[in-house]
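Comments concern the structure below.
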Amino acid sequence: MAVSSDHQGESLMNAIVSHLVEVQYSRGNYHLFLYTKCDSARFFGNLGFYEITRVPEENIVFMENKRTGFQDYLAALQRETQQAEIHGQAALNQSGRVGAIVMNANPFTLGHRYLVEQARAACGVLHLFMVSEDVSLVPFSVRKKLMMEGTKDIPGIVYHEAGSYIISSATFPAYFQKGDNAVIRSQAGIDANIFTQIAAALGITDRFVGDEPTSVVTGIYNEILSTALPEAGVACHIIPRKEADGKAISASTVRSCIHDGRLEDIRVLVPETTYRYFTSPEAAPVIGRIQAAEEVVHY
């Protein structure tokens, strides 16, 4: 949003923002987010938005219209952790490490399973944040089901729905729709800063990500994390991908197989729980959605 220099001082920006807020409220969207430059944050603060975090080197501030929105989110994560049956508590007492993974799993593969195994072996407790933004080809309800079923035999995992504050269309829209590298970097920086606050609230000491040989956006994200997290005292581990037949396992490959009607080819790429789902009648709408898509590879 911008106002011509010929008309600045006429409260036009106030009118624009107020109108857009009213439009969102009329659509039933009451929790609103925005990005702005550092020197503009005070203006939006006067219009009812509150700062969550900022990345000064990128000249960007991330704000929301709920005064305690992010604090309420952190409190909810802490309650979930307290209520979870963490069977790895004894291991936590020995290692002193608390791990975290943020996972979209579109869909859940043996590569995802391998990342969870590696993280859990290094940490007593593992927080698994399931990206809940529902814009992937595999719906969140299915992704959540496959992630939990595919890891239910691994003790010490605390499951969280990521919500609006981790890799969402609010914090990181470029993850879901193509943007230039500068946009990806600034939004990845915001996402990383937010995660450091989540890590502090939950006592997370280590973040685990899979290496990324093909996806531009995930590669940039990993690069940002590997710098930002250690500066905040959180170790960042980039784990080499698990391979099948000499090639890295990826959800993009699985989606490509499904798209091309080669369902049997995914058997060596996914856990039995994922394969069983995609060969069941329940998966027909999801398979149809993938096959109808023009692009199934994450850029």
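Working only with C-alpha atoms, what are the Rg and Dmax values of region 1-110, expressed in angstrom?
Final numbers for Rg and Dmax: 20.4, 66 Å.
With charges only on Cβ, +1 for K and R and -1 for D and E, what is the dipole size of region 88-165 about its Cα centre, in debye, rounded to 20?
The dipole of region 88-165 has a size of about 140 debye.
Using the Cβ atoms and a cut-off under 11 Å, what net charge is assigned to the surroundings of ILE238, where Lys and Arg are +1 and Asp and Glu are -1?
That works out to -1.
Run the dipole for the chain about the Cα centre, Lys and Arg Cβ at +1, Asp and Glu Cβ at -1, nothing else charged, and hand back the magnitude in debye, nearest 20.
520
Taking 1 over the mean of 1/r across every pair of different Cα atoms in region 207-299, what Kirkwood radius in Å do you get? Provide the component values of the computation, followed by the final result.
Details: mean 1/r = 0.0666 Å⁻¹.
In region 207-299 this quantity evaluates to 15.0 Å.
Accessible area of region 96-182 with a 1.4 Å probe: how many percent of it is carbon plus sulfur?
Values: 1370 of 2870 Å².
Using a 1.4 Å probe with all protein chains present, region 96-182 comes out at 48 percent carbon and sulfur.
Specify which residue in the list SER168, ALA200, GLY156 is farthest towards the positive end of the charge dipole of region 154-239, using unit charges on the beta carbon of Lys, Arg (+1) and Asp, Glu (-1), about the Cα centre.
Toward the positive end, the furthest listed residue is SER168.
Take the Cβ-Cβ distance between ALA244 and HIS7 as r, set R0 to 51 Å, and report the resulting FRET efficiency rounded to the nearest 0.05.
FRET efficiency, ALA244 to HIS7: 0.25.
Could you sort out which of LYS144/LYS242; LYS66/LYS145; LYS145/LYS247 sit more than 24 Å apart by Cα distance in this structure?
LYS66/LYS145; LYS145/LYS247
Hey, what angle do you get for helix 216-231 against the long axis of the chain, alpha-carbon based, 0 to 90 degrees rounded to 10?
80
May I ask for the angle, rounded to the nearest 10°, between helix 69-83 and the longest principal axis of the chain, with both axes built from Cα atoms and the value confined to 0 to 90°?
Helix 69-83 sits roughly 30 degrees off the main axis of the chain.
Tell me the accessible surface of ILE220 in square angstrom (1.4 angstrom probe, heavy atoms of protein chains only), to the nearest ten.
About 20 Å², ignoring ligands and nucleic acids.
For TYR25, TYR277, give me the order by solvent-accessible area with a 1.4 Å probe, most accessible first, ignoring ligands, DNA and RNA.
TYR25, TYR277
Quick one: how many Å² of ILE190 are accessible to a 1.4 Å probe, rounded to 10?
0
Over 28 Å, how big is the tail of the calculated P(r) for the chain, in percent of all Cα pairs?
Cα-Cα pairs in the chain separated by more than 28 Å: 43 percent.
Add +1 for every Lys or Arg and -1 for every Asp or Glu among the other residues with Cβ under 12 Å from the Cβ of TYR73, and state the total.
-2
If DNA, RNA and ligands are ignored and the probe is 1.4 Å, what is the ranking of ASP191, ASP180, ASP245, ASP6 by accessible area, most exposed first?
The ordering from most to least exposed comes out as ASP245, ASP6, ASP180, ASP191.
The values are calculated or read from the model by the stated rules, or taken from the named source; none is laboratory data. Since this is a predicted model, take the numbers as computed values, not measurements. For neighbour counting, all protein chains shown are included, and Cβ atoms are generated from backbone atoms with ideal geometry for every residue, glycine included. SASA here: full protein model, heavy atoms, side chains in, ligands and nucleic acids out. Shrake-Rupley method; radii C 1.70, N 1.55, O 1.52, S 1.80 Å.
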